[in-house]
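Notes follow once the structure below has been shown.
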Amino acid sequence: YMRKILIIDWEEGFDKVSFTKFQMEVLDMNLKESKKNTDRLLEGEKIILNIEDDNIATLFTKKIKEIGAICEVID
């Protein structure tokens, strides 16, 4: 069962470097993929990430909220 994380927007103080690095660490993305997601988010696009593991989805969502991303888990 795949969890979908919808990243809607970002708040003032959003840490784009941490967001990029965290995608690489937790989701095994390469730099190009994770930076592309960060750039798309900063340009106002919504991003959907598919995460297989519930625990990773929960951890990922909590952490990116702490660094300033506005997101929710969708099914």
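The values are calculated or read from the model by the stated rules, or taken from the named source; none is laboratory data. Treat the numbers as computed from the prediction; the structure is a model and nothing was measured. Glycine gets a Cβ as well: all are built from the backbone with ideal geometry, and neighbour counts include every protein chain shown. When the accessible area is computed, the model is the full protein with side chains, heavy atoms only, and any ligands, DNA or RNA have been set aside. Shrake-Rupley method; radii C 1.70, N 1.55, O 1.52, S 1.80 Å.
Structure data summary
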item: Residue count for the range 1-42, restricted to those that are open to solvent by less than 70 Å² (accessible area, probe 1.4 Å), hydrophobic (A, V, I, L, M, F, W, C), under 17 Å from residue 65 (Cβ atoms) and not in a helix (DSSP H, G or I); result: 5
item: Residue match in the range 52-72 (condition: touching a residue at least 24 places away in the same chain (Cβ under 8 Å), open to solvent by 90 Å² or more (accessible area, probe 1.4 Å) and not acidic (Asp, Glu)); result: yes
